[in-house]
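*Asks:* Below: one structure in C-alpha cells.
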Amino acid sequence: NAGVMQNPRHLVRRRGQEARLRCSPMKGHSHVYWYRQLPEEGLKFMVYLQKENIIDESGMPKERFSAEFPKEGPSILRIQQVVRGDSAAYFCASSRLADTQYFGPGTRLTVL
Amino acid sequence: KQEVTQIPAALSVPEGENLVLNCSFTDSAIYNLQWFRQDPGKGLTSLLLIQSSQREQTSGRLNASLDKSSGRSTLYIAASQPGDSATYLCAVSGATNKLIFGTGTLLAVQP
C-alpha cells in the first residue's frame with residue numbers, strides 16, 4: 001500500500017523557467033494539500049484540493065502559482081517564471097476524508 | 001489568525017529519559033490537532049491525531065493530550081531512544097482542514 005508519492009524529489013530550475021511538481025495521493029484518498037517549507041522557516045499551507053475542485057487556496061501566492069487535481073492523474077503544483085525566493089521544499093499531503101493527513105517525501109526546488 | 005507555538009525550540013536528553021514537548025495555539029476553534037516528526041531532509045510522519053472532542057491519544061511510547069479551552073497540547077515520550085531524535089511538529093486544523101504548523105522542537109536523544 002504505497003504512501004503519498006511526489007516527483008521529482010529534487011528539481012533545479014534557472015530563473016524564469018517553469019517548475020511542475022507532481023503528487024500522487026494514497027490509494028482511496030481524494031483530498032490533496034500542498035505545503036511549502038522555506039529555508040529556516042516552518043511549514044506553510046498553500047492549497048487544498050479535491051478531485052477537480054480547489055477548496056481553499058488562501059495560502060497560494062497571487063501570481064505565478066497554480067494547482068490542479070484532475071479527475072485522472074496526479075495533482076500538479078505549477079510555478080511559472082521561478083525566482084530564487086521560490087527555492088524551498090514543497091510537500092504534498094493526502095487524506096481520505098477531512099482527517100489525518102499523510103505526507104509525501106517532498107520535492108526540493110532549487111532556483112539558480 | 002491562528003498561531004501555533006512550540007516550546008522548547010530544542011531539547012537534548014540522555015537515552016531512557018521521559019520527556020514532554022509543548023504546543024500552544026491562540027484560537028481554540030480547532031477541528032483536530034496532529035503531531036508529526038520530521039527527519040532531516042525527509043517528509044513528515046504522522047504520529048498522533050486528536051479530535052477536538054478528545055482529551056488524549058496514545059500510540060506505543062507516545063501520549064498526546066489536548067486541552068482545547070486553554071489552547072494547549074503536550075506530547076509525552078516515554079523511555080526515549082536515540083532513534084527518537086528528530087524535529088517534532090504540532091499542527092492544528094480548522095474548518096477547511098488546512099494545517100497550521102508550529103515552529104517545531106528539535107529533539108536530540110544522546111546514547
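The values are calculated or read from the model by the stated rules, or taken from the named source; none is laboratory data. Just so you know, these numbers come straight off a predicted model, no measurement behind them. FYI the Cβ positions are ideal-geometry reconstructions off the backbone, even for glycines, and counts take in every protein chain you see.
*Asks:* Identify, please: which residue in segment B:97-111 is out of contact with any helix residue (DSSP H, G or I) (no Cβ under 7 Å at 6 or more places or on another chain) and over 20 Å from B:Leu66 (Cα atoms) and is, among those, farthest from the other protein chains (Cβ to nearest Cβ)? Before the answer, list the steps.
*Replies:* Let us first name the residues in segment B:97-111 that are out of contact with any helix residue (DSSP H, G or I) (no Cβ under 7 Å at 6 or more places or on another chain), namely B:97-106, B:108, B:110.
Right, trim to over 20 Å from B:Leu66 (Cα atoms) and you get B:106, B:108, B:110.
Working: B:Leu106: 12, B:Ala108: 18, B:Gln110: 25 Å.
Once the filter is applied, the top-ranked residue is B:Gln110.
*Asks:* Anything in segment A:57-112 that is out of contact with any strand residue (DSSP E or B) (no Cβ under 9 Å at 6 or more places or on another chain) and either free of Cβ contacts under 8 Å to residues at least 60 places away in the same chain or among the acidic types (Asp, Glu) (or both)? List them, or say none.
*Replies:* Step one: of segment A:57-112, the residues out of contact with any strand residue (DSSP E or B) (no Cβ under 9 Å at 6 or more places or on another chain) are A:62-63, A:71-72, A:81.
If the condition is that a residue be out of contact with any strand residue (DSSP E or B) (no Cβ under 9 Å at 6 or more places or on another chain) and either free of Cβ contacts under 8 Å to residues at least 60 places away in the same chain or among the acidic types (Asp, Glu) (or both), then A:Lys62, A:Glu63, A:Lys71, A:Glu72 are the ones that fit.
*Asks:* Please go through segment B:58-70 and give me each residue that is modelled with pLDDT under 95 and crowded, with 18+ Cβ neighbours inside 10 Å, ordered by number.
*Replies:* Matches in segment B:58-70: B:Lys68 only.
*Asks:* Would it be correct to say that A:Leu38 is closer than 24 Å to B:Phe36 by Cβ, modelled with pLDDT of 95 or more and under 14 Å from the mean Cα position of the chain (by Cα)?
*Replies:* Working: closer than 24 Å to B:Phe36 by Cβ: yes; modelled with pLDDT of 95 or more: no; under 14 Å from the mean Cα position of the chain (by Cα): yes.
Criteria not met by A:Leu38.
*Asks:* Being within 17 Å of B:Ile100 (Cβ to Cβ), away from every other protein chain (no Cβ under 14 Å) and in contact with a Lys or Arg (Cβ under 6 Å, 6 or more places away or on another chain): is that true of B:Ser73 here? Spell out how you get there, then give the answer.
*Replies:* On the way: within 17 Å of B:Ile100 (Cβ to Cβ): yes; away from every other protein chain (no Cβ under 14 Å): yes; in contact with a Lys or Arg (Cβ under 6 Å, 6 or more places away or on another chain): no.
In short, no.
*Asks:* Sticking with this structure for a sec: Which of the residues that make up segment B:21-31 are of a type outside the set (D, E, K, R) and surrounded by 13 or more Cβ atoms within 10 Å (Cβ to Cβ)? Outline the logic, then answer.
*Replies:* Keep residues of segment B:21-31 that are of a type outside the set (D, E, K, R), which gives B:21-26, B:28-31.
If the condition is that a residue be of a type outside the set (D, E, K, R) and surrounded by 13 or more Cβ atoms within 10 Å (Cβ to Cβ), then B:Leu21, B:Asn22, B:Cys23, B:Ser24, B:Phe25, B:Ser28, B:Ile30, B:Tyr31 are the ones that fit.
*Asks:* Which of (1) surrounded by 20 or more Cβ atoms within 10 Å (Cβ to Cβ); (2) part of a strand (DSSP E or B) does B:Ser80 not meet, given it meets every other one?
*Replies:* Of the numbered conditions (1) surrounded by 20 or more Cβ atoms within 10 Å (Cβ to Cβ); (2) part of a strand (DSSP E or B), the odd one out for B:Ser80 is (2).
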